[in-house]
Structure formats: structure tokens, C-alpha cells
Amino acid sequence: MLVLDGKTTAARIRTDIQEAITALRQEGKRAPGLVVLLVGDNPASLVYVRNKEAACQEVGMTSRVLRLPADIAQAALESTIAELNADPEVDGILLQLPLPAGLDAQRCLTCIDPTKDVDGFHPENMGRLVQGLPGLRPCTPAGVMELLRQYAIPLAGKHAVVVGRSTIVGKPMALMLLEAHATVTVCHSRTPDLAAITRQGDILVAAVGSPCLIREGMVAEGAVVVDVGINRTAAGLVGDCDYAALCAKVSAITPVPGGVGPMTIAMLLHNTLTAYYQHTGRTEASCCCSSPCTRTASHPRTAGTTTSASFSPTQNPSTGQMA
Ligand code: GUN
């Protein structure tokens, strides 16, 4: 049984990114810049934002957290985003979700310049994913794809079952698996007899935010299991899968913590560096990865560039429940 080690894999990606940024700085160029917008004081968001900021600093990116009051007006939040869109030193804008009640997250996400949308949540970038066009991809599913790639898990012709249909994980995950030529089934809260379907998966991705939902009888012998869940329980952090029980049956599995979570942050850094390359007009097909990168793509809005871009994010508390 293979443990798909996201912690080590993500550390390798971060080192590649750090080296790329060191080289840029030695050439006298500015560092890539990320701004995280944190509205209100949701405790889980504070932790996520702190982790993102620390990761940026570790690789030499400029990161700034803009803390805004929970009672900020929609118009004021949108004009803050517009200012960041116009700031040439800002390559990535991340609006931490969920937003406090009364604010329209979708409208705010749509205000973000798609070339700075390092979360990949802008409708233009989502549309690009649907159409198989290059663009910034949501960090969590992109992290899953990268982890599977690093472990050379074959996807073409395999049956991939995704449990969860969130906009942030389930839906883009299904599209990325489809793009990798898997046959994809998406299950959700209205799926009758979930186990009958999950048992068919050569690859099973659980992204619902329900502790230990996927039990031993729900997976096929030899399946590859990816657990996107991060659930805080009395017993500590647990995923959507019963890890200990599944280990005896599957061929590979991601642990929680140390699986998909670190990959999500690595993909955020990757997206920010990609956005930077595009903003600075870098034209060579460059990527932060030392190995050949399947995430490479370009955003046609920034003319003449053929740099890498991918879209992928962490478990989102606003969409954590099985939808
Ligand atoms: N909240 C929890 N995870 C995420 C994420 O990856 N991106 C954003 N924007 N908000 C989140």
C-alpha cells in the first residue's frame, strides 16, 4: 500500500518555486506578489490565511494580508478588489472564503482580474476549465492531479468516482479527471446507494467534509483513494475516509493531514508564480516544476505568453458539507 505523501511532494514543489524566485531576484526582478483579502474574523479563515502567508514568505514571494471589517459594504469590497486589479505589483488576489453574511462572494470573485485569480474561481477561469482552455485552475483539484502525477498513477481509461459536487473541489476535480481521460462519476447528497457507486471507482476522490464517511466496504480492492476532507473532530483532524480501515484494502491513499492540504498551498504558490510570469511578459514555456509539467497553460489575455498556469484550492469551510 502506497501512501501518497502530499507533505513531501509539496515541499519539493515549494523548493522549485523558491529557486525560481531566487533566480528572478538575482536578475534584479521584483518578487511575485500575492494579496489575501480577509474579511471579518472567521477563526478557520485566520488559520488558512496565516498558513498561506507563511508559505509565500518561505519561497520569497511578497505577501500581504488586507484585513477588512466584517461589516464592510459590498461596494467598498469591490473597489478594494478594483484597486488591487490595477496594482502592477500584485500578481495574485485571493479572497478568503467564506465571506461574512450580507456580502455576495460570487460578485466579488467576478470582480477579480482573471489573470490575478490565483484561486481559479472566476467564472472566466472556470469556463476555461470546462472548455479545456488554459487558465488558472482551482488549487485543491490541481493539487490532487499533481500528486497523482508525481506518483505516476494512471488515469486514462480508469473509472474515477468523485464524492462531492462543490464549485471549489468536486466539479473542477471531475473536469480535470475527465481531461486526463478518466471516466468520471460524480456523487452527491442525493445519490442513492452511494456505496454501490464508490465501490466501482478505480480512483475515489472524497470531497464532502463528512468525517470518515467512506468506510472499508465502500471501496474497491486496490483502489486509489484521495481524501480531500479536513474535519476537526474531538479525535483531532480526520478526513472524509476511514484511513486505518481503508489501508488494508486500497493500493494507494492520501493521509489527513499531510495529503491534499499541503498540495493546495503549493498550487496557490504555483498559480501566483504563473500569474507573475504572465504579467511580466515572460515568453518561454517556463514552470516552477523541475519535472515536465502537465499543468502548463497560458492565459491569452496576456499576449505572447506561453507560460504555465493551473487552477486548484484547500478544503473550503463554506462548501465542506456534502452538497
Ligand atoms: N477558504 C478555505 N479554503 C479556501 C481557498 O482555498 N480559497 C479561498 N479563497 N477561500 C478558502
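Within the range 16-30, can one find any residue that is hydroxyl-bearing (S, T, Y), assigned by TED's automatic domain parsing to the domain that holds L77 and modelled with pLDDT of 95 or more?
So far as the range 16-30 goes, no, none of its residues is hydroxyl-bearing (S, T, Y), assigned by TED's automatic domain parsing to the domain that holds L77 and modelled with pLDDT of 95 or more.
Residues that are within 16 Å of the ligand (Cβ to nearest atom): list the strands (runs of 3 or more DSSP E) wholly contained in the range 87-205 that include at least 1 such residues.
Per the criteria, 92-95.
Among the residues of the range 221-264, write down those that are touching a Gly at 6+ places or on another chain (Cβ under 9 Å) and polar (S, T, N, Q).
Within the range 221-264, N231, S251, T254, T264 meet the criteria.
Only one of (1) over 21 Å from Q278 (Cα atoms); (2) touching a residue at least 60 places away in the same chain (Cβ under 8 Å) is not met by G135, so which one is it?
The failed condition is (1).
So which pairs qualify, if the first residue must be in the range 102-117 and in contact (Cβ under 8 Å) with a residue 40 or more places away in the chain, the second must be of a type in the set (G, A, S) and not in a helix (DSSP H, G or I), the Cβ gap must be under 6 Å, and the two must be at least 6 apart or on different chains?
K116/G92
Tell me, which residue of the range 45-59 that is surrounded by 17 or more Cβ atoms within 10 Å (Cβ to Cβ) and small (G, A, S) is nearest to K116 (Cα to Cα)?
This residue is A55.
Checking Q315 against (1) modelled with pLDDT under 50; (2) of a type outside the set (V, I, T); (3) more than 16 Å from the ligand (Cβ to nearest atom), only one condition comes out false. Which one?
Exception for Q315: condition (3).
Looking at this structure, is A55 at pLDDT 95 or above, within 16 Å of the ligand (Cβ to nearest atom) and either under 19 Å from the mean Cα position of the chain (by Cα) or not in a strand (DSSP E or B) (or both)? Reasoning before the result, please.
On the way: at pLDDT 95 or above: yes; within 16 Å of the ligand (Cβ to nearest atom): yes; either under 19 Å from the mean Cα position of the chain (by Cα) or not in a strand (DSSP E or B) (or both): yes.
Judged against the criteria, A55 is a match.
So that you can scan it fast, the table gives a plain yes or no per residue for (1) within 16 Å of the ligand (Cβ to nearest atom); (2) assigned to a helix (DSSP H, G or I); (3) modelled with pLDDT of 50 or more; (4) out of contact with any helix residue (DSSP H, G or I) (no Cβ under 6 Å at 6 or more places or on another chain):
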| residue | (1), (2), (3), (4) |
| --- | --- |
| M267 | yes, yes, yes, no |
| T272 | yes, yes, yes, yes |
| C287 | no, no, yes, yes |
| S310 | yes, no, no, no |
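The values are calculated or read from the model by the stated rules, or taken from the named source; none is laboratory data. Computed from a predicted structure; not experimentally measured. So basically every Cβ, Gly included, is an ideal-geometry build from the backbone, and we count neighbours across all protein chains shown.
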